[in-house]
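Presented below is the structure to which this report refers.
The values are calculated or read from the model by the stated rules, or taken from the named source; none is laboratory data. Only a predicted model underlies this, so the values are computations on that prediction, with no experimental measurement involved. Counting neighbours? That spans all protein chains shown, and the Cβs are built from the backbone with ideal geometry, glycine included. These area figures cover heavy atoms from the full protein model, side chains too; ligands, DNA and RNA do not enter into them. Shrake-Rupley method; radii C 1.70, N 1.55, O 1.52, S 1.80 Å.
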Amino acid sequence: MASVQIRAAKEADCGDILRLIRELAEYEKLPDQVKISEEALRADGFGENPFYHCLMAEILPAHGEPQGQGIGTKIIKKVAEVALDKGCSQFRLAVLDWNQRAMDLYKALGAQDLTEAEGWRSFRFEGEAMRELAGR
């Protein structure tokens, strides 16, 4: 079985983090949504008061074994561990409506689909809308 180590990201990982963000955006058919630089990732995640925390999965596959088996589950379990350690009462995941595989995984791990259960919708402010709200 592949050996997987999940660890807190380091500032030196910012190039890989950006690459993974871009790969995910391509997979989600939303490459134009990536509007962040490696420098911004450094500033936002590794300054005195970070805006985000990131985990990295290091995978060492066993000879002849396909990569990726169970990695998502391991990462989500680690997120739950970190969230509890930081005093969080919950964590939320965003998934596109066509990604049934991810939704099935989240539900199998015990997540509640808030769209089904409570009717929540997600909204975002960005760019000009943010500047207008802020009076800039």
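Among Thr73, Thr115, the sequence by solvent-accessible area, most first, with a 1.4 Å probe is Thr115, Thr73. In terms of modelled amide H atoms, which long-range or inter-chain residues lie less than 5 Å from the amide H of Leu55? Result for Leu55 returns Ala9. Solvent exposure of Ser3, expressed as accessible area, is near 60 Å², computed with a probe of 1.4 Å over the protein chains only. Contact order for the chain, expressed relative to its length and based on alpha carbon pairs under 8 Å spaced 6+ residues apart, stands at 25 percent. Rounded to the nearest 20 debye, the dipole size of the stretch 28-136 about its Cα centre is 140 debye, using +1 on the Cβ of Lys and Arg and -1 on the Cβ of Asp and Glu. Counting only protein heavy atoms and a probe of 1.4 Å, the accessible surface of the chain is 53% carbon and sulfur. Distance between the 7 Å Cα→Cβ label points at Ser122 and Ile71: 2.0 nm. Averaging the Cα positions of each part gives two centres, and for the stretch 70-87 and the stretch 100-136 these lie 19 Å apart. Site pair Thr115 and Ala129 shows an inter-label distance of 1.7 nm when each label is modelled 7 Å from Cα along Cα→Cβ.
Rolling a 1.4 Å probe across the protein heavy atoms gives the chain an accessible surface of 79 Å² per residue.
Under 10 Å, Cα contacts only: if you run a Gaussian network model on the chain, which one of Cys54, Cys14, Cys88 comes out with the highest mean-square fluctuation? Greatest mean-square fluctuation among the candidates belongs to Cys88. Taken over the Cα atoms of the chain, the convex hull encloses 168 Å³ per residue. Our coupling estimate for the stretch 40-45, obtained by passing each phi through the Karplus curve with A = 6.51, B = -1.76, C = 1.60 and θ = phi - 60°, is 5, 4, 4, 5, 7, x Hz, Gly and Pro reported as x. One decimal place: the segment Lys35-Asn99 gains 20.8 nm when fully extended, by the rule 0.36 nm per residue minus the C-alpha distance.
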